[in-house]
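Below is one structure, written out as structure tokens; the observations come after it.
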Amino acid sequence: MLETLFGSESAARVLLFVYGRGEGYARQMAQFFDTALRPIQRQLEKFEAAGVLYSRRVGRTRLYAFNPRCPLVEELRALLGKALSLYPEGTRDALLMNRRRPRRPDMPCEAAPAG
């Protein structure tokens, strides 16, 4: 459905990934969706040129996130949130999980951290 609205599957994937994770880099997105890197990079460049996304460098990595100065970003987030709610639960959970470091070795997989 989003592919039709945004013109390509790569565009929809990029926006959904950035919506779900808050930010991301091209190779991370390509690996998540098991797709080629170059179409993802092209879409990121297009969205940055349009002002929808912005990028910043962290070391040698270019991270992309929604541009808070874009006047349509809140409406776009609302649309992506609604679209993501229609995805299967497994896909939705995988997109929203943003684990950046490994689990402690002594913590069992099913146990949640006490807090």
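The values are calculated or read from the model by the stated rules, or taken from the named source; none is laboratory data. Everything numeric in this text was worked out from a predicted model, so none of it was measured. Quick reminder, even Gly has a Cβ in these numbers, built from the backbone with ideal geometry, and neighbours come from all protein chains shown.
See the values below:
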item: Hits in the stretch 52-67 (condition: among the small types (Gly, Ala, Ser) and either under 13 Å from the mean Cα position of the chain (by Cα) or modelled with pLDDT of 95 or more (or both)); result: Ser55, Ala65
item: Residue in the stretch 3-12 that is touching a Pro at 6+ places or on another chain (Cβ under 8 Å), outside any loop (DSSP other than H, G, I, E, B) and hydroxyl-bearing (Ser, Thr, Tyr) present; result: yes
item: Any hit, the stretch 55-62, residues being in contact (Cβ under 8 Å) with a residue 24 or more places away in the chain, under 18 Å from Gly7 (Cα atoms) and either surrounded by fewer than 16 Cβ atoms within 10 Å (Cβ to Cβ) or among the basic types (Lys, Arg) (or both); result: no
item: Subset of the stretch 18-39 [within 11 Å of the chain's Cα centre (by Cα) and outside any loop (DSSP other than H, G, I, E, B)]; result: Val18, Tyr19, Gly20, Arg21, Gly24, Ala26, Gln28, Met29, Ala30, Phe32, Phe33
